[in-house]
């Protein structure tokens, strides 16, 4: 039995790498820059070099490593192929697993970054103990990862769990980044919350602490916690939209639990107070008791999930 | 290698049974009544008796039978337990697989009837050749079954694929059978189409063949085929709602194909003409090329899928 695995989370700016023991404890973690020059040709060689250097530093032999899990942006199919490339790294279509395996001579498994974050939260995070879960990432956008019976739901072309673009509002006039109108992401992302808040502020002169200083997802939820009525209205709108979207997801895949992560989730438990009542209102009765939890791994969910691809089979 | 399998589809009125060879060809099919007296205590013994009689008739030994697949209404988990009973048979909570296995002394696998119909359409029907599909049943209600990588997506408590109760209309004033308001089923089922047609007819005096005679899903789509303008408006409304609902499903599980079945699908290809443009309008760009097909197995999808549970592994 191999003793270790590496988890790699490739982002547009940095690559996070973690060394894990087979129980899933992170023994070491570090970052290297993502060198995007020349269509990102250096990214995988840099990762391979960094992993091999760490093995030498720690005196770890190849036979002690079960493998290397990799998360990357973009749709990645079950074989590890980046099916439409990854614009924010400069990558075109190629098989990440095969390419890195060739450099390392160790087993490699690659999957989409949102999906491995979901897998990480199932394995060692907010969804620990569950094997049917949906991880929702509320960041600049709204992302998601779906785990069914312990496996990532990749989907036909790697778009499984891309719940941010579920249509949720018929009366929207502004376009989402995807060009559609009325996507969940337009209301439930950090950007969406700011948009809702600014619209509410412009509607009338109701006093609010949000009228002075920066309007961000953080300041909105800080104001909610301080009892600011206008901010509470915004939180209710946010919760109504997100609850409605997650109800559609639950009516489709019927998870045991939703694990809510991403920058917006730093607001904490208060967030769930606005999501759950709306979810219960809209969802099919058989799914009404679906659980909700906050993600616990933060920015490390990716390296955990990537290592979990290797260790948690 | 066993030569045969039985597929059993338990309905509220009759039980359909099919004898299949291992290539998936139905060699014989028949029905027996569903005796619901005494909480349906006789249903499984009647099925066992009928299967054993057929084996004797055909000279089939137990060793020649790979097993018996069973579909039944209600949520059924991966182990074959009817988790909330099945009101229209009178059944409470019990393990169908175990109970029938005891009566037959052969391997038994049970799953939800909508899910096995989806499995049947994947194995031998409109979804043949695909392993990631969503089967949509447009009947009295709207049901669904989801297949991911060749396996039924059961969900945490058997409600996977219950897409008929996805919330799709914020302005609905009437309640769905599930007590929520604005469920997909209220617009895309046979009953829903009649409701949309009657509302449209009441709106003004626009002439339509639907003003004389019965209004049903069939007469609406017959009128659409004949170029009736009012009926076409109704079909557009139906298509807008169903396309929007299926876009949410695609954004969640990203299937290769939707297979549309149930009584409403007898209208034929014309149906897809109203669903697809709306689907493309609402869905996330990565899922825009999802295929659509009509179901081909009709009322036999259940027995095919049930036999497929045994034969197609």
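Summary table
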item	result
Boolean, residue B:193 is more than 11 Å from chain A (Cβ to nearest Cβ), outside any loop (DSSP other than H, G, I, E, B) and surrounded by 23 or more Cβ atoms within 10 Å (Cβ to Cβ)	yes
Residue A:275 vs. criteria modelled with pLDDT of 95 or more, within 30 Å of residue B:184 (Cα to Cα) and part of a helix (DSSP H, G or I)	yes
Residues located in the range B:45-80, provided they are in a helix (DSSP H, G or I) and touching a helix residue (DSSP H, G or I) at 6+ places or on another chain (Cβ under 9 Å)	B:45, B:47, B:48, B:49, B:51, B:52, B:55, B:62, B:64
Whichever residue in the range B:290-301 is modelled with pLDDT of 95 or more and not in a strand (DSSP E or B) and, among such residues, is surrounded by the most Cβ atoms within 10 Å (Cβ to Cβ)	B:301
Any hit, the range B:81-89, residues being crowded, with 21+ Cβ neighbours inside 10 Å, away from chain A (no Cβ under 11 Å) and assigned to a strand (DSSP E or B)	yes
Per-region count, the range B:231-269, residues out of contact with any helix residue (DSSP H, G or I) (no Cβ under 6 Å at 6 or more places or on another chain), away from every other protein chain (no Cβ under 13 Å) and outside any helix (DSSP H, G or I)	5
Test set (1) within 23 Å of residue B:257 (Cβ to Cβ); (2) more than 19 Å from the chain's Cα centre (by Cα); (3) buried (at least 23 other Cβ atoms within 10 Å of the Cβ); (4) not assigned by TED's automatic domain parsing to the domain that holds residue A:249 - residue A:167 fails condition number	(4)
Some residue of the range A:225-233 being surrounded by fewer than 21 Cβ atoms within 10 Å (Cβ to Cβ), over 26 Å from residue B:163 (Cβ atoms) and either in contact (Cβ under 8 Å) with a residue 40 or more places away in the chain or not assigned by TED's automatic domain parsing to the domain that holds residue A:186 (or both)	yes
Residues within the range A:180-190 that are within 13 Å of chain B (Cβ to nearest Cβ), part of a loop (DSSP other than H, G, I, E, B) and either in contact with a helix residue (DSSP H, G or I) (Cβ under 7 Å, 6 or more places away or on another chain) or buried (at least 24 other Cβ atoms within 10 Å of the Cβ) (or both), tallied	2
Any hit, the range A:257-267, residues being assigned by TED's automatic domain parsing to the domain that holds residue A:136 and more than 20 Å from the chain's Cα centre (by Cα)	no
Test: residue in the range B:141-150 that is out of contact with any strand residue (DSSP E or B) (no Cβ under 6 Å at 6 or more places or on another chain) and more than 15 Å from residue A:148 (Cα to Cα)	yes
Whichever residue in the range B:7-35 is in contact (Cβ under 8 Å) with a residue 60 or more places away in the chain and not in a strand (DSSP E or B) and, among such residues, is nearest to residue B:304 (Cα to Cα)	B:24
Those residues of the range A:270-285 which are buried (at least 22 other Cβ atoms within 10 Å of the Cβ) and at the interface with chain B (Cβ under 10 Å from one of its Cβ atoms), in sequence order	A:282, A:283, A:284
Test: residue in the range A:38-52 that is surrounded by fewer than 19 Cβ atoms within 10 Å (Cβ to Cβ) and within 28 Å of residue B:156 (Cβ to Cβ)	no
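The values are calculated or read from the model by the stated rules, or taken from the named source; none is laboratory data. Please read these numbers as outputs of a predicted model, since none were measured by experiment. Cβ coordinates were reconstructed from backbone atoms using ideal geometry, including for glycine residues, and neighbour counts include every protein chain displayed.
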